[in-house]
Amino acid sequence: MSDRKLRHALAVALLAMTASPLFGGEKKPHEAGAHESSTSLGFTLPDVRTGKPVALADFSDRKAVVVVFMCTTCPINNAYMPTLAKLSKDYRDKGVQFIGINSIPVDTTAEIVAHASKNGIDFPVLHDPQGRVVGQFDARRTPEAFVLNEKREICYRGRIDDQFGYDFRRTKATKHDLIEALDAVLAGKPIAVAQTEVLGCLISRTAPPKKDATETFTRDVAPLLQKHCQECHRPGQIGPMPLLTFEQAESWSGMIREVVARKRMPPWFADSKIGHYSNDRSLPDKDRETILAWVDQNCPKGDPKDMPAPVQWPIGWRIGTPDVILLMKEEYDIPAQMPRGGIAYQYFVIETNFSEDKWVERAEAQAGAPEAVHHIIAFVAPPRDSKEPRSLGPPVLPPFLPDARYATVLCGTAPGDMPTILPAGYAKKIPKGSRIILQMHYTPNGRAQKDRSRIGLIFAKEPPKRQVLTVPIFEYRFQIPPGDANHKVESRGPWDYVSGAKPGLDRDAQILSFMPHMHVRGKDFAIDVIYPDGKKDDLLSIPHFNFNWQNSYRFAKPIDVPKGTVIHCTAHFDNSAANPSNPDPTKAVRWGDQTWQEMMIGWTDLAIERK
């Protein structure tokens, strides 16, 4: 459904008060429900905690009831859980009852209970796997809120506020739609805005497959999910809901259709006309058409004999079973709320106790509290007398850390980023006697948590031909004016921090990958190389930078670059009010660690001849 049609449907649709028409006919799983009307609402469903029936009529003494449709996996839904928990407590003594309803068939009772407990939800959460109550309300997405007055008439439906969206996450909401609706109802006044658009995950409606269907899950769709989706959409990974089975895919078919049709998923932002990448996640047009056709045909399952064998994904670690796991010495307490001024980057030193040099082919950083850890960067700090190359970039660690001036990047993790997996014959070096320094960026999410992060390493079976170094090509001397929607910043490197020489490689090298990094005002990012003879090659273009996906772009073949080559990065920032992620368009913005400040880094993996 197009944005225009969706807005029109939301504006004119009446609420469906009976569920039965939703489970037959030709209605597609991703479409809105029927729009029959009725004079009253009523439902009885089991409470997931007690198993006892809970009815809307049980709260006849309440001045208002808020019904919120929820699930356990939707990222936007989960971002709002602390807000809902607080609102329930704030309005309880004012005569308002909150009720959560989960209408996702694949969410189990145990999962819903654990989800409510983890998020501090103390109001009843009811399970509606057959979708009867979601049909009464014609709820579309999670989390969608409905305010019922004393007559149990729906007087508001829509979002909770405007803090979270698909590609933005404001520091705080600028519009408080649910609060305003509740305050108006309690005061006996008309609600100024009775309906708002909800951003979140679509609640799919099941329907019989079409008789003329040509695509099936087992034959056509399952192989595509294995190839393009399951790397992330499986338990323990960044994908919010697993997509390993037919039941899971059918349950989320509406959302699958939306993100595939709008090309939000799989997340890949590089211009296909520039560069070829070994980790290209983009979905070919043919595969996209197959998935969309399957959903539009109401998700036929197909012959079980056509189902491909399950992919044997690594358990626990994406790199495989580590040779060594290095763990923070102790836990760090993350507060529930972000303190004024934010949480400064935290640094933790881990002794490797390696008695010999180690060559690392694969490395992965794992957060102990992933919901509240924005990123981890693991640095190798060799002994001061080490002869390791360190003139390819300036230090990026504070001077109070041991050997920080000589540290090099080992691995890291950030939203959308992948572990370090190097080609055969390439490796990063951990000299004997080195320490690992973890740089931790904590972002509280409404729940106090404890973090004890770790890194896993897989060593090369023999000394590599090339040593890999991760080099930051960055510019920190910038100021983005207030309201500027297209501010340009450039950086050049590598540069010798010690000598202050002009930017450029001090030896022949190969470029393996780039990872552009900006914060929430980042708009676009491009990287080219300028050879000693002045010739220029464009290597990467990100027309629409997305802060939520810090992707690494790995070239299909290493790019040879001679001594003297300059890596040149060009980025633009949107500091205007039109940027929904912008914390404050009235202020000038400079370099800083916190998300409301900015950065401009073109992280580059370079390979040099091993000596």
Counted residues, segment 434-453 - those being surrounded by fewer than 18 Cβ atoms within 10 Å (Cβ to Cβ) and under 20 Å from V349 (Cβ atoms): 2
Can you find a residue that is under 13 Å from P516 (Cβ atoms) and not assigned by TED's automatic domain parsing to the domain that holds A344 anywhere in segment 572-588? yes
L243 in contact with a helix residue (DSSP H, G or I) (Cβ under 9 Å, 6 or more places away or on another chain), without any contact (Cβ under 8 Å) to a residue 24 or more places away in the chain and not in a strand (DSSP E or B): yes
Residue check, R340 charged (D, E, K, R), touching a helix residue (DSSP H, G or I) at 6+ places or on another chain (Cβ under 9 Å) and free of Cβ contacts under 8 Å to residues at least 40 places away in the same chain: no
Based on this model, can you work out whether D271 counts as assigned to a helix (DSSP H, G or I) and acidic (D, E)? no
Quick one: which helices (runs of 4 or more DSSP H) lie wholly within segment 70-186 and hold at least 2 residues that are assigned by TED's automatic domain parsing to the domain that holds F59 and closer than 19 Å to P240 by Cβ? 75-79, 81-92, 109-118
Does S278 meet the test of being free of Cβ contacts under 8 Å to residues at least 40 places away in the same chain and more than 20 Å from A213 (Cα to Cα)? no
Selection over segment 116-147 where residues are closer than 20 Å to N445 by Cβ and out of contact with any helix residue (DSSP H, G or I) (no Cβ under 6 Å at 6 or more places or on another chain) yields a count of 4
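Sort through R219, R205 and tell me the only one that's among the basic types (K, R), within 27 Å of D296 (Cα to Cα) and buried (at least 19 other Cβ atoms within 10 Å of the Cβ).
Working: R219 fails: buried (at least 19 other Cβ atoms within 10 Å of the Cβ).
Among R219, R205, only R205 is among the basic types (K, R), within 27 Å of D296 (Cα to Cα) and buried (at least 19 other Cβ atoms within 10 Å of the Cβ).
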Output yes when any residue across segment 544-563 is at pLDDT 95 or above and among the polar types (S, T, N, Q), and no when none is. no
Failed item, numbered, when K189 is tested on (1) more than 30 Å from G302 (Cβ to Cβ); (2) charged (D, E, K, R); (3) outside any loop (DSSP other than H, G, I, E, B): (3)
Out of all the residues in segment 564-577, which are in contact with a strand residue (DSSP E or B) (Cβ under 7 Å, 6 or more places away or on another chain) and either at pLDDT below 95 or within 22 Å of V468 (Cα to Cα) (or both)? T565, V566, I567, H568, C569
Tell me which residues, restricted to segment 43-69, are among the charged types (D, E, K, R) and either in contact with a strand residue (DSSP E or B) (Cβ under 6 Å, 6 or more places away or on another chain) or not assigned by TED's automatic domain parsing to the domain that holds K118 (or both). D47, R62
Restricting to segment 301-337, and then to whatever is in a loop (DSSP other than H, G, I, E, B) and in contact with a helix residue (DSSP H, G or I) (Cβ under 7 Å, 6 or more places away or on another chain), can you tell me which residue is surrounded by the most Cβ atoms within 10 Å (Cβ to Cβ)? G302
Being buried (at least 18 other Cβ atoms within 10 Å of the Cβ), among the acidic types (D, E) and out of contact with any His (no Cβ under 6 Å at 6 or more places or on another chain), is that true of even one residue in segment 551-571? no
So is Q297 of a type in the set (S, T, N, Q), exposed (fewer than 15 other Cβ atoms within 10 Å of the Cβ) and either touching a residue at least 24 places away in the same chain (Cβ under 8 Å) or more than 30 Å from R447 (Cα to Cα) (or both) or not? no
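The values are calculated or read from the model by the stated rules, or taken from the named source; none is laboratory data. Just so it is clear, the model here is predicted, and its values are computed rather than measured. Ideal geometry is used to build each Cβ from the backbone, glycine not excepted, and the neighbour counts take in all protein chains shown.
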